[in-house]
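Q: Sharing a structure below in structure tokens format, with a few things to ask.
Derivation of every value follows stated rules applied to the coordinates shown; laboratory data play no part. Computed from a predicted structure; not experimentally measured.
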Amino acid sequence: MTQILGWVATAIFAGSYFLPPAALRAIQMVAAVLWIVYGILIDATPVIAANALVFAAAAWTLARGYFVAPASVRSD
């Protein structure tokens with residue numbers, strides 16, 4: 001039961017990072033790395049997996065912000 005709770009928390013926590021604002025993505029990435037190290041130290045797979053997903057989501061949204069101009073800025 002505890003493992004299921006950990007995976008559900010992982011899904012909810014990682015999904016929350018797709019919501020605005022995207023200004024703090026770099027800080028979220030640093031925090032995720034620290035949580036991954038913590039998860040490795042305590043041998044907690046859900047902590048490691050959740051924060052690997054958080055890191056990937058933060059990196060993706062950060063990169064998307066740099067490489068995709070908002071529709072209001074485009075000159076289509």
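Q: Just to check I understand the Karplus step: with θ = phi - 60° and J = 6.51 cos²θ - 1.76 cosθ + 1.60, what whole-Hz values come out for the stretch 30-37, glycine and proline as x?
A: So the J values, rounded to whole Hz, are 4, 4, 4, 4, 4, 5, 5, 4.
Q: Could you work out how much longer the chain between A11 and A56 gets when fully extended? Use 0.36 nm per residue separation minus the Cα distance between them, nm to one decimal. If you can, show how the numbers build up before the last one.
A: Working: separation 45, 0.36 × 45 = 16.20 nm, distance 1.32 nm.
Working it through step by step, the gained length comes to 14.9 nm.
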